[in-house]
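The next block holds one structure in the form of structure tokens; read it before the comments.
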Amino acid sequence: MWIDLHIHTTFSDGTLTPDEVIATAKKSGLCAIAFTDHDSVDALDNYTDSLGLEIIPGTELSAREEDKSVHVLGYFIDRKNEDLNGFIRTLKKARVSRGERMVEKLNDFGIDITMDEVRENVTGEILGRPHIARVLLNKGVVNNLQEAFSIYIGNDKPCYVPKPNIGVSQVVKVIKKAGGIPVLAHPIYLGNDRLIFKFIDEGIEGLEVWYPAHGESDIERYLKIAREKNLIVTGGSDSHGNLGSYTRIGDFKVDYKVLVKMKLRS
Ligand code: AMP
Ligand code: ZN
Ligand code: FE
Ligand code: FE
């Protein structure tokens, strides 16, 4: 029995609709999935049939700490929760003004791109860098999506604009208020384990250990931290659909036992 607890849809920066995600997961033999769109819970209200799959309500909220982008997954959240939805509205708005600033920076760099073109690529209400990257690709400014990040809009690249400084502690509070379990996503991208311990002190209850970019030694280290700190262990593909180099649904599977343990703790 296999599951995937980290999936993006067209309601953030994925390329598959929730229905397409479900159909793909079903074909891949998964029995449970979580929708974890960036700063959104919209996918949860926008699928027609679960095809017998267990759908776990989730989200992946954006925080910023020490000039690093930090992602916090929230599982079993109440998607109707007012605080959560208010918080998400703020994040959505901030993403639009950030998008405008990135477009301006690209223009300053001599690249012909408009906010309207970016908007046309946004399939939900979440404007993310992948949408800008897709415009750059469609216009032939770059040869592939990766290049858009490595030259222009990747972290620390000249046209990058960071998101607001919203701390992990605030994001954790919002998720808990909505009845969810806050889980630190892909800890490998933090670059050091010191921050993991800081976030545990701030209320993180789980660690995303099973993740495509984690090597064997990373997994061992994270499992040890999880054991010592009594954290929930989760995992998923972080699938963004069928574009670029992202891991596809079904190419990375997690044991159903992980979900059983999560439920025992929720
Ligand atoms: P944003 O939330 O707007 O900062 O965009 C973050 C998203 O951009 C991530 O979830 C990935 O989907 C994508 N992304 C970030 N860095 C890269 C990269 N170097 N290559 C490809 N995609 C990336
Ligand atoms: Zn993404
Ligand atoms: Fe993430
Ligand atoms: Fe993700």
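What follows is calculated from the coordinates using simple rules that are stated; it is not laboratory data. The structure presented is a predicted model; accordingly, all values stated were derived computationally and were not measured. Cβ coordinates were reconstructed from backbone atoms using ideal geometry, including for glycine residues, and neighbour counts include every protein chain displayed.
From the phi of every residue in the stretch 187-201, what ³J(HN,Hα) in whole Hz does the Karplus formula 6.51 cos²θ - 1.76 cosθ + 1.60 yield, where θ is phi - 60° and glycine or proline is x?
x, 4, 6, 6, x, 8, 8, 4, 5, 4, 5, 4, 5, 5, 4
Give me Rg/Rg_expected for the stretch 76-187, where Rg uses Cα atoms only and Rg_expected = 2.2 N^0.38 Å with N residues.
The stretch 76-187 yields a ratio of 1.21.
So what is the calculated 222 nm ellipticity per residue for the chain, using -39500 (n - 2.57) for each DSSP H run with n of 4 or more, over all residues, to the nearest 500 deg cm²/dmol?
Calculated mean residue ellipticity at 222 nm is -11000 deg cm²/dmol.
Return the long-range amide H neighbours of residue 234 (sequence gap of 5 or more, or a different chain), with a cut-off of under 5 Å between placed amide H atoms.
207, 208, 209, 210
Sorted by packing (mean other beta-carbon atoms within 10 Å per residue), highest first, where do 138-144, 236-242, 93-99, 166-172 land?
236-242, 166-172, 93-99, 138-144
Relative to the compact globular guide of 2.2 N^0.38 Å, what is the alpha carbon radius of gyration of the chain, as a ratio?
My calculation over the Cα atoms of the chain gives 0.97.
Taking only the C-alpha atoms, wrap a convex hull around the stretch 94-153 and report its volume per residue in Å³ as a whole number.
Hull volume over Cα atoms, normalised by residue count, gives 71 Å³.
Measuring from a point 7 Å past the Cα of residue 223 along Cα-to-C-beta, which residues in the stretch 178-200 have an amide N at less than 17 Å?
Answer for the stretch 178-200: 187-188.
What length, rounded to one decimal in nm, is gained on full extension from residue 163 through to residue 230, with 0.36 nm per residue of separation minus their alpha-carbon distance?
21.0 nm is the gain from fully extending residue 163 to residue 230.
What distance in nm separates the simple spin-label points at residue 67 and residue 146, each placed 7 Å from Cα in the Cβ direction?
Using points 7 Å along Cα→Cβ, the separation is 2.6 nm.
About its Cα centre, what dipole magnitude does the stretch 1-109 give when the only charges are +1 on Lys and Arg Cβ and -1 on Asp and Glu Cβ, stated in debye to the nearest 20?
140 debye
Please tell me the relative contact order of the stretch 94-153 in percent, rounded to the nearest whole number, where contacts are Cα pairs under 8 Å and at least six residues apart.
29 percent
Remind me, relative contact order of the chain in percent, using alpha carbon pairs under 8 angstrom and six or more residues apart?
24 percent
Would you please put 57-66, 110-119, 31-40 in order of how densely packed they are, using the mean number of other Cβ atoms within 10 angstrom per residue and starting with the highest?
In decreasing order of mean packing, 57-66, 110-119, 31-40 become 31-40, 57-66, 110-119.
Please work out the FRET efficiency for the pair residue 27 and residue 108, using the Cβ-Cβ distance as r and a Förster radius of 41 Å; give the result to the nearest 0.05.
FRET efficiency, residue 27 to residue 108: 0.35.
Going highest first, how would you order 17-24, 177-184 by mean Cβ packing within 10 Å?
177-184, 17-24
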